[in-house]
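Here is the structure we will look at, set down as structure tokens.
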Amino acid sequence: RYDNALTSLQDVMNTMLWGLGTGNQSKDLLGMQAIISTTPTTGTLGGLDRSTRTFWRNKQRTGGSFEAQGISDMRALRLTVSNNVPSGMPSVWFTTSDIYNSYESVLEPRERFTRADKSGSDQKGDAGFGALTFHGAPVEWDDAAPSGNIYAMNTNYLQFIAHSDANFKPTEKIRQPDQDAWSTHLLFQGELVCSAPRFQGVINSVTA
């Protein structure tokens, strides 16, 4: 039951980390939609007004059909988020499963088929790629990622901080009345933080 509760909490937190942080009376963890905004010239992040603090804005690009312009949009955003600093290049890309599949489809014409056994005694056909990358950075997908968005993240400036005394720490067991059972709470205190939003980017309004 503890393992099941832990897995459920991890799923809840994963969903939070793709949100705005405004749910549950603003007790939700700060999410990617707040840190890497599709409207980076407005709103407040970490107490700083993005309408006046230009250095605190992430990069944003409006997309369209991935088949028609997806690769060119990713190429342009990659250079924009770098801020002319080699260490500023995205270290990972995240999107939805539909757009991820579109990216793989674009790459398929460049796919090569080889025999698993060079002797020819055990030939196997294997379509698809074991992993997808863009300029060396992994391309991943998440069911909780916002629809139509592709995120370029630089993990050098993103950190998930957990309180050492409340990192899924169980409380003392409490015996339930009239039951041969006990209960406990799992405590978590932490936050997703970003020290340099200008090295993060998003392409929004992308269609698979």
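A 1.4 Å probe over all protein chains sorts I71, I203 by accessible area into I71, I203, starting with the largest.
Size estimate for the chain follows the Kirkwood approach: the inverse of mean 1/r over distinct Cα pairs works out to 19.6 Å. At R0 = 25 Å, how high is the FRET efficiency between N83 and T38 if r is their beta carbon distance? Nearest 0.05 is fine. Taking R0 as 25 Å, the efficiency between N83 and T38 is 0.80.
Electrostatic bookkeeping for D142 treats Lys and Arg as +1 and Asp and Glu as -1; over the other residues with beta carbon under 14 Å from its beta carbon, the sum is -4.
The calculated FRET efficiency for the pair N24 and N4, based on their C-beta separation and a Förster distance of 25 Å, comes to about 0.70. Distance distribution note for the range 48-105: the fraction of Cα pairs above 19 angstrom is 41%. Model label sites at E172 and D143, defined 7 Å from Cα along the beta-carbon direction, differ in position by 3.8 nm.
Express in nm, to one decimal, how much length is gained between E67 and N101 on full extension, taking 0.36 nm for each residue of separation and deducting their alpha carbon distance.
Contour length minus the Cα-Cα distance gives 11.2 nm.
Taking all protein chains together and rolling a 1.4 Å probe, W141 ends up with roughly 120 Å² accessible.
The values are calculated or read from the model by the stated rules, or taken from the named source; none is laboratory data. Note that the structure is a prediction, hence the values are computed from the model and not measured. Please note: Cβ atoms are built from the backbone with ideal geometry, for glycine as well, and neighbour counts cover all protein chains shown. Side chains are part of the model used for accessible areas, which takes the heavy atoms of the whole protein and leaves out ligands, DNA and RNA. Shrake-Rupley method; radii C 1.70, N 1.55, O 1.52, S 1.80 Å.
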